[in-house]
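Here, each number is a calculation from the coordinates, and none is a lab measurement. The structure displayed is predicted, hence computed values, not measured ones. No Cβ is skipped: glycine too gets one built from the backbone with ideal geometry, and neighbour counts run over all protein chains shown.
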């Protein structure tokens with residue numbers, strides 16, 4: 001396969017993925033509803049909706065960071081095969097699905113029953129599956145030598161480790177969900193926010 | 001028409017099509033609703049929603065594979081005429097419509113009346129029309145020599161046959177719908193999944 | 001302004017416009033609802049929804065052809081200024097709004113009261129405003145010499161005439177709406193379909 | 001970092017941002033509902049929905065102008081770092097959120113209680129946060145020398161001042177919301193419209 005056409009291929013995969021990320025991240029807003037409240041109580045009713053806003057913010061931050069990571073990963077990929085296309089579709093499946101568990105969490109987070117835990121666990125499971133798909137793409141890319149330059153064994157191990165840690169973190173969140181649903185959401189938001197700020201900081205000092 | 005401008009034309013058709021595919025595949029999630037369930041019954045209620053998830057997964061897999069096929073087809077097309085544009089719009093019509101029969105199937109699949117069969121038949125009819133549009137594009141492309149290189153007669157016949165088989169398969173699914181609606185959905189999902197995995201496998205061993 | 005950067009500018013306007021066209025055309029499906037019908041009556045209920053499908057098809061055809069026209073127009077535009085950007089935003093305003101009058105028509109077309117006429121008139125008014133925006137863009141482009149080559153006076157007059165005829169046609173449809181709402185929709189669909197097929201035919205014979 | 005890859009990076013940020021802008025601007029229409037009205041009263045009922053249309057128009061104009069500004073800003077940015085990516089995500093957060101306060105305003109604008117003021121204040125706060133994000137991006141870009149050419153101190157000060165004025169204007173609108181909600185919306189719409197027309201005019205005479 002010629003080099004130009006291979007690059008065109010990864011470009012179109014990126015464009016399609018960007019589309020799905022952009023749509024999923026923008027569709028999140030559809031679940032923020034104008035609260036039904038007695039006259040003059042709008043401000044109070046809006047504050048009561050904090051789980052909606054919390055879930056919105058968390059999912060926005062996570063999808064945003066997934067997009068940045070997807071971006072970084074594909075900058076290193078210089079050739080695409082059909083395997084990469086299908087594994088990427090698997091990742092997009094979990095990306096496009098995220099608004100659903102986001103709604104689950106938004107509506108159930110304040111329930112005192114087990115439902116709040118179930119909602120948080122479904123949310124964490126969705127993220128775990130997305131993390132697994134990320135790992136699978138990277139593993140496939142390494143195995144098929146689709147990167148633009150050869151990585152040393154040490155670099156390979158380090159990059160695989162990084163994806164494994166992400167997967168383990170989200171899997172652990174499934175367990176955490178049954179201890180406290182709001183805490184699970186908070187931890188996931190803080191990690192996403194920390195990751196974002198940390199990037200800002202390390203780049204600022206470099 | 002200059003070569004560059006012809007290429008720009010197919011590029012813009014691809015970009016527009018990618019947009020419609022990406023939006024349709026992401027809009028599917030809007031039909032997954034938080035179930036209304038008594039306190040503490042969320043997990044049970046979610047499992048009861050399996051037709052929703054089944055229809056979501058099947059449509060996601062089919063739209064994903066349609067996108068991959070569209071992609072492969074347009075990589076071979078080097079010039080666009082208005083005929084191609086309008087036939088492509090016809091394909092996008094059935095693509096953009098798919099979320100509707102997906103909802104039909106999701107809501108009616110467990111009905112014991114004829115409604116489940118009607119829903120599955122409408123779903124299969126939509127896919128048949130999409131397959132016909134795919135065939136029409138390819139037939140137009142061959143007849144107007146819009147491909148980048150001449151195909152031999154044998155290659156042409158083989159490629160046309162491939163599209164005809166897809167069309168016949170979905171048409172047969174319209175009939176199958178009246179025997180068993182869940183089976184129809186399962187067969188369509190398995191074919192899409194098989195097609196995806198098979199691609200992974202054949203590429204791995206090459 | 002350098003040539004490359006000017007081209008990049010029109011490219012980004014086109015990409016943004018393509019996004020709005022693709023989203024508007026795909027959002028149309030959200031108004032197709034699973035009909036509520038007694039058990040076993042789904043097929044009957046779907047046929048009763050013909051105004052929904054008619055409005056969907058008509059708007060899809062019109063948006064599709066608007067996209068093709070937008071495409072053709074921008075292929076001739078080689079430089080962008082801010083005026084072009086804002087006039088294009090005006091066109092996108094009416095494009096993005098179209099799903100709303102489409103719903104109006106879908107829900108009111110079978111009413112025997114004046115409501116059916118009002119819905120069709122609002123729909124036609126939306127299309128008239130879009131046609132005016134198209135004309136305004138073209139007029140601006142000619143006046144500011146943003147096309148890639150100079151048009152002769154005769155070519156200019158012909159191209160302006162073509163846009164004026166489109167505008168007059170949709171304006172006439174506002175009047176027609178008060179005679180017959182279904183007829184108005186039918187005429188608009190047939191014109192869009194004719195236009196599409198005619199393009200296919202003339203290109204086939206050339 | 002090589003020049004080509006740096007440019008590819010800003011291009012992909014722009015493409016993703018364009019996607020979010022295009023989706024947010026097109027999703028606004030989903031909040032325009034067919035009014036429930038007695039037979040023959042559709043026209044009257046539509047006119048009663050003027051806050052919906054007013055909010056739609058205002059948000060469309062503001063998002064359109066934000067897109068134009070984003071466009072102009074990124075034309076001057078020739079390199080991207082992760083800091084730029086995350087600050088841009090912050091801007092997109094407020095962009096993607098805008099349909100929610102738009103709905104708030106659309107539904108509450110005619111209330112005689114404090115709710116109308118609260119809705120307008122939330123709307124203005126969202127725009128203020130977007131303006132702050134714009135300023136933060138520009139400040140980061142200047143500090144990290146990501147622009148394509150060095151700006152003089154005077155140019156820098158002037159550009160920073162321009163963003164500060166925008167931020168101050170929207171912050172002032174939060175206060176204005178508690179005097180009159182419809183006036184707040186009108187002022188914001190007029191400014192956006194003026195800004196658009198002014199661009200048309202200055203370019204026409206140049």
In nm, one decimal, shortest first: how far is the label point of residue A:37 (7 Å from Cα along Cα to beta carbon) from the matching points in the other copies? 3.0, 3.0, 4.3
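Shape of the protein assembly as shown from its Cα gyration tensor (a ≥ b ≥ c, root eigenvalues): rounded if a/c is under 1.5, otherwise prolate when a/b > b/c, or oblate? Walk me through the numbers before you get to the answer.
On the way: a/c = 1.07, a/b = 1.00, b/c = 1.07.
Rounded, because the longest to shortest axis ratio a/c is under 1.5.
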Quick one: check the C-alpha center-to-center distance for region A:71-95 versus region B:68-128, whole angstrom. 24
For chain A, modelled as a Gaussian network with Cα springs under 10 Å, which listed residue fluctuates most, A:12, A:82, A:162? A:82
Order by neighbour count: D:65, A:62, fewest other Cβ atoms within 10 Å first, most last. D:65, A:62
Using only Cα atoms, locate the centre of region C:145-187 and the centre of region A:171-192, then give the distance between them in Å, rounded to an integer. 58
In degrees from 0 to 90, rounded to the nearest 10, what is the angle of the helix D:3-27 Cα long axis to the longest principal axis of chain D? 0
Starting with the fewest neighbours, write out C:78, A:158, C:153 ranked by other beta-carbon atoms found within 10 Å of each beta-carbon. C:153, A:158, C:78
Connecting C-alpha atoms closer than 10 Å in a GNM of chain D, tell me which of D:159, D:59, D:124 has the biggest fluctuation. D:159
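Counting partner chain Cβ atoms within 10 Å of every residue's Cβ in D:72-81, what's the average? Before the final figure, lay out each step's value.
Values: counts 3, 0, 1, 4, 0, 0, 0, 0, 0, 5.
Rounded to a whole number, the mean comes out at 1.
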Cβ crowding within 10 Å averaged over residues, with C:50-58, D:143-151 ranked highest first: C:50-58, D:143-151
With Kirkwood's inverse mean 1/r over C-alpha pairs for Rh, give me the Rg to Rh ratio of region B:4-195, two decimals please. 1.05
Helix C:99-108 sits at what angle to the longest principal axis of chain C, using alpha carbons and giving 0 to 90 degrees rounded to 10? 30
What number results when the radius of gyration of region A:53-130, computed over Cα atoms, is divided by 2.2 N^0.38 Å? 1.30
Please rank D:74, A:16, B:189, fewest neighbouring Cβ atoms within 10 Å first, as an exposure proxy. B:189, D:74, A:16
How many Cβ atoms of partner chains, on average, are near each residue of B:82-91 if near means within 10 Å of its Cβ? 6
Most fluctuating of C:68, C:20, C:122 in the GNM of chain C (C-alpha, under 10 Å) is C:68
For chain B, the longest principal axis of the Cα atoms and the Cα long axis of helix B:82-97 enclose an angle in degrees, to the nearest 10, of 10
Could you pull the copy-to-copy label distances for residue A:194, with points set 7 Å along Cα to Cβ, in nm to one decimal and sorted shortest first? 4.8, 4.8, 6.7
Give the share of C-alpha pairs in each 10 angstrom bin for region C:95-206, from 0 to the last occupied bin, in whole percents, shortest bins first. 14, 34, 30, 17, 5, 0
Arranged from highest to lowest average of other beta-carbon atoms within 10 Å per residue, in what order do the peptides C:133-140, D:42-49 appear? C:133-140, D:42-49
Test item: C:31-40 mean partner chain Cβ contacts at 10 Å: 4
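Would you work out the relative contact order for region D:4-195, in percent, from Cα pairs under 8 angstrom that are 6 or more residues apart?
Working: 194 pairs, mean separation 50.6, N = 192.
About 26 percent, as a whole number.
If eta is 1.567 mPa s and T is 4 °C, what Stokes-Einstein diffusion coefficient results for region A:28-91, Kirkwood Rh from Cα pairs, in µm²/s? Mind dumping the intermediate values first?
Working: Rh = 15.0 Å.
Stokes-Einstein gives a translational diffusion coefficient of 86 µm²/s.
With runs of 4+ DSSP H residues as the only contributors, calculate the mean residue ellipticity of the protein assembly as shown at 222 nm using -39,500 (n - 2.57) per run, divided by the residue total and rounded to the nearest 500. Mind showing how you got there, number by number?
Values: 32 runs with 656 residues, N = 824.
When only DSSP H runs of four or more count, the value is -27500 deg cm²/dmol.
From the gyration tensor of the Cα coordinates in region C:131-180, what semi-axes in whole Å does the equivalent ellipsoid have, largest first, with each one equal to sqrt(5λ)? Show your work: numbers first, answer last.
Working: eigenvalues 162, 23, 5 Å².
The answer is 28, 11, 5 Å, longest axis first.
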